Structure formats: C-alpha cells, structure tokens
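Working notes, beginning with the structure itself.
The values are calculated or read from the model by the stated rules, or taken from the named source; none is laboratory data. This is a predicted model, so every value here is computed, not measured. Cβ sites come from the backbone with ideal geometry, for glycine too, and all protein chains shown count toward neighbours.
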Amino acid sequence: MTAYDRSPPTDPRLVDDFDGGFGWLAHPDETGQRASHALVGADDRLWLFDPLEAPGIDDELERRGEVAGIVVCSNYHARDAAAFAQRYGVRVFVPSWLERLPDRLADADVDIDLEYVADEVGASGFAVREASPFPGWHEAIAYRRSNGTLYVPDLLGTAPPYLSGDERLAVYLLARLTPPTGAFTGIAPERILLGHGTGVFADATAALADAFATARTGFPPRAAHERASATRGAGRRAPGQRQEKPLMLVRQSQTHWRSRRVPAISARTHNGTDDWSTPERRWDRVHVPIRRGSVDRRY
C-alpha cells in the first residue's frame, strides 16, 4: 500500500455524503487517503474543495447540481483544480496567503481565472482563515457557520498516518508540537471534513477539542525521547555534578532544524455556546524540523 497512488484512479469511493454535499476518495486504498469534496453553497450551487480527478465524478456532480467554483485551501493541494476549473468554466478561489499555490496551479498548463480571497469565498457561504503551525506551513481552514461545516485540508486528518492510539481525529505529526489553535476560535462544527481521510460527523466539536488536547502527548518522537530518558535514569543534577552537554542536532539531507518557543496546549472544554474557548498555554523550547525542496502538487 502506497502513501499516494499516482496512477490513474479506477475505483473511487464516495464518502461524507450528507444533505450539504459529498466527498470522494480517488484512491481509497492509499494510506494518505486524499479526499475531495463538493459542497452546496449559500447560492445552492456546488463548490469543489481540493478536487482530484476520478472516473464517474463528473456524472455525480451533474446529478447533484451546478458547479460554481473551485476552492484550494493548501499550498500542496493544487491537485486537479485547474482541470476542473477549465472543464466547468469557473474560477479557482485561492486564499491570499498561499503564495506558492499560483505557481503550482500554473504547472498544469491550463488557462484559469484566479480570485484571491481573505475571508468570504464568493457566494459559497464559506469563510477562510489562515492556519500556520510554524513558519513555512500555511493553509486555510474553511467554515460555513450557517450549517456548521468545517473543512481542514492538511492540519487535521483521520487517515492512518495522522492517528496515534485510539484517536479518531488528529493533528498531523509535524504540527503536533505547535497546533495553531487560535485559528479555530469561535468555531463549533457540526461536522469536520478533511483533505486526508473521511470526515467526522459525530460529536465534531468534542473531537476537535480532543485532537488539540492530545496533540503533544501523541507525538511519537517525544514519547520515544521520554522512554529513552527513563531508561538512562535521567534526573536532576546532583550538587557538584557537571552538567551533561546537550545532544547536538545533526542537519540531515534537505532538512533544517530550528529552535523556537512553542505553546504546550491545554485545551479547555467547550462551553456549550458558539464559542470555542482559546486554550491555555505554557511555553517550552523545542526543535521543529522544516523540510525544504520541491513538493508534488497533487499531495
């Protein structure tokens, strides 16, 4: 089983079907489980979020309604947005802070009409917010308050690479130390749709709070470090004992390590209103890996 299947899809699977739209997995057997969605907007037309080509999807879209526009919410989700936009003669809506995305859309060699947005997305009823767990990672979450639909492209997921233990929704591995919880303030979703994995429809607000509350404790490298420290009998330095020099971080190929102050998240419980409380924070210094280089536009 591969992380991302680059072969032409042959057997897509419909997912996340509800009265406000549906989703599909172009390659349901890949571990990354790239998901695309067609959501009914405030204008009663379909808005496609991070779409991937798949056989039979055009027929399904035609059966469901008229396509109004394409929305791309991640620098890494150009996917087949340009092809859909050209085929349906609609615009591609791009959050203004996704600076790398226009070049990746241009790689498709298709003439498309781009519209940059910073809040409301056309007549869809969705509004976008920037989510950035650390420098170099920028994406947009999209929320339609009128029906409680939240879409998160990369930061959260239910695909196997995201989950640890019995989690049903989780923060992506590299963002677990610094989840951008502030981007979700005031959001109490009835459902959470994802760019990787099937959506969360049961107790979605609680699932969102749990994902952030367990982000750091479910970080595998941190858990491994704690086990290793316990094995070495690490403890406080005795009086007069020389302090051990910290281990040096080795720069590996194409990887750069930064040291920065990050919040340790302690999520409060949802207060039952349409206001998701800002989590309490304490600050630790950790090392965050930043990987540079070319990224496949169909991630």
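A few notes on this one:
- Failed item, numbered, when HIS27 is tested on (1) in contact with a His (Cβ under 8 Å, 6 or more places away or on another chain); (2) without any contact (Cβ under 8 Å) to a residue 40 or more places away in the chain; (3) surrounded by 21 or more Cβ atoms within 10 Å (Cβ to Cβ): (1)
- Looking only at segment 196-206, and only at residues there that are in contact with a strand residue (DSSP E or B) (Cβ under 6 Å, 6 or more places away or on another chain) and either at pLDDT below 95 or buried (at least 18 other Cβ atoms within 10 Å of the Cβ) (or both), the one that is farthest from ASP29 (Cα to Cα): ALA204
Quick grid of which residues meet (1) exposed (fewer than 15 other Cβ atoms within 10 Å of the Cβ); (2) free of Cβ contacts under 8 Å to residues at least 12 places away in the same chain; (3) under 20 Å from LEU39 (Cβ atoms):
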residue	(1), (2), (3)
SER74	no, no, yes
ASP80	no, no, yes
ALA83	no, no, yes
VAL90	no, no, yes
ASP103	yes, yes, no
ASP107	yes, no, no
GLY125	no, no, yes
VAL128	no, no, yes
HIS138	no, no, no
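- Any chance ALA170 is among the aliphatic types (A, V, I, L, M) and touching a Ser or Thr at 6+ places or on another chain (Cβ under 7 Å): yes
Yes/no matrix, rows are residues, columns are (1) at pLDDT below 95; (2) in contact with a Leu (Cβ under 6 Å, 6 or more places away or on another chain):
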position: GLY125; (1), (2): no, no
position: ARG144; (1), (2): no, no
position: TYR151; (1), (2): no, yes
position: ASP166; (1), (2): yes, no
position: LEU173; (1), (2): yes, no
position: THR178; (1), (2): yes, no
position: THR181; (1), (2): no, no
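- GLY157 within 22 Å of PHE22 (Cβ to Cβ), in contact with a His (Cβ under 7 Å, 6 or more places away or on another chain) and either crowded, with 22+ Cβ neighbours inside 10 Å or of a type outside the set (Lys, Arg) (or both): yes
- Search result, residues across segment 183-212 that are more than 20 Å from ALA3 (Cβ to Cβ), touching a Lys or Arg at 6+ places or on another chain (Cβ under 9 Å) and not in a loop (DSSP other than H, G, I, E, B): ALA183, PHE184, VAL200, ALA204, ALA207, ALA209, ASP210, ALA211
Let's see how each residue does on (1) touching a residue at least 24 places away in the same chain (Cβ under 8 Å); (2) within 20 Å of the chain's Cα centre (by Cα); (3) exposed (fewer than 14 other Cβ atoms within 10 Å of the Cβ):
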| site | (1), (2), (3) |
| --- | --- |
| ALA38 | yes, yes, no |
| TRP47 | yes, yes, no |
| ASP58 | yes, no, no |
| ARG63 | no, no, yes |
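- Annotation note: of ALA78, ALA42, ALA85, the sole residue that is of a type outside the set (Asp, Glu) and within 27 Å of THR2 (Cβ to Cβ) is ALA78.
- Any hit, segment 207-227, residues being modelled with pLDDT under 95, among the hydrophobic types (A, V, I, L, M, F, W, C), within 12 Å of the chain's Cα centre (by Cα) and surrounded by 15 or more Cβ atoms within 10 Å (Cβ to Cβ): no
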